[in-house]
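Structure first, commentary second.
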Amino acid sequence: MDAGRDILLVEDDELIREATRLTLEQRGYRVRTAADGLTGLALFRERHPDVAVLDIMLPGLNGVSLAGRIREESGVPVLLISARNDPVDVVMGLEAGADDYVTKPFDGPVLVARIRSLLRRAAPAAPAEQPARSTRLRFGDLEFCPESLTATRDGKPLALTTTELKLLSEFAAAPGTVLSRDLLLERVWDYAWSGDTRVVDVHVQRLRAKVGRERIETVRGFGYKLRP
């Protein structure tokens, strides 16, 4: 259960901030709030929350910049909320390091479902009863271990986010096979995104920048595949 997990909520609209706080607290979360980006950053550093929920339009330090600062310091899942559904805003937020986004106005249960999904992705895998032999998969200069969820390139460790590791796991499990964006949404984000595949495209681009742009191939009109 997620009850008792710590949520950082940074929202400058008092009504939305308080309504969202109450919704989350009613479901057992501990919520710390801030009304501007700089206060939110200080609170993040002080409290080390399990998830950060950030409005994009914030005074002092906007949500996109705040997401980037958090990502520089931590792998904590970041969820952006915004009254705008402009693809540019969404892409900028995801490229800055956010893991998910929700458009205002949103229903409380939808926000809770997104937070639970982020927590599931961030949760460490349960240890096996008997340690299995580590299997390392090689794809050119890229090496990936599915058991330890570690990756190296040219022998150097790669710092991958939880979402990037999930994506790489899917690609590595079926090298040379085209994986559609909808399939990746279902497996990595584990809920329906109503056909919005921008989140997949942005995270694949971020993964490419780390594992090598030529390693993950775009199959136009279908999806992506990992080159063996």
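The values are calculated or read from the model by the stated rules, or taken from the named source; none is laboratory data. Keep in mind that what you see is a predicted model, and the values were worked out from it rather than measured. For neighbour counting, all protein chains shown are included, and Cβ atoms are generated from backbone atoms with ideal geometry for every residue, glycine included. SASA here: full protein model, heavy atoms, side chains in, ligands and nucleic acids out. Shrake-Rupley method; radii C 1.70, N 1.55, O 1.52, S 1.80 Å.
Figures for the structure shown
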read-out: Long-range lysine pairs (8 or more apart or interchain), the chain, Cα under 27 Å; value: 6
read-out: Nearest-ten-degree value, helix 63-73 long axis tilted from longest Cα axis of the chain; value: 50 degrees
read-out: Amide hydrogen neighbours beyond the local backbone of GLU147, cut-off 5 Å, H modeled; value: THR135
read-out: Fraction of the pair-distance distribution of the chain above 26 Å, Cα-Cα pairs, percent; value: 39 percent
read-out: Calculated from backbone phi, Karplus (6.51, -1.76, 1.60) coupling profile of the stretch 40-47 in Hz, x at Gly/Pro; value: x, 5, 4, 5, 4, 5, 7, 9
read-out: Degrees separating the helix 198-211 axis from the principal Cα axis of the chain, which is the longest one; value: 50 degrees
read-out: The stretch 1-74 - accessible surface per residue (Å², probe 1.4 Å); value: 49 Å²
read-out: On Cα atoms only, tilt of 162-173 relative to the major axis of the chain in degrees; value: 30 degrees
read-out: Proximal charge balance of GLU11 [Cβ under 11 Å; K/R count +1, D/E count -1]; value: -3
read-out: ³J(HN,Hα), Karplus 6.51/-1.76/1.60, whole Hz, each residue of the stretch 180-187, x for Gly, Pro; value: 6, 4, 5, 5, 5, 4, 5, 7
read-out: Protein accessible area in the chain, 1.4 Å probe - carbon and sulfur %; value: 52 percent
read-out: Whole-Hz ³J(HN,Hα) from phi, Karplus 6.51 cos²θ - 1.76 cosθ + 1.60, for the stretch 76-93, glycine and proline x; value: 4, x, 10, 10, 8, 10, 7, 7, 9, 10, 5, x, 5, 4, 4, 5, 4, x
read-out: Cα gyration tensor, the stretch 1-73 - rounded (a/c under 1.5), prolate or oblate; value: oblate
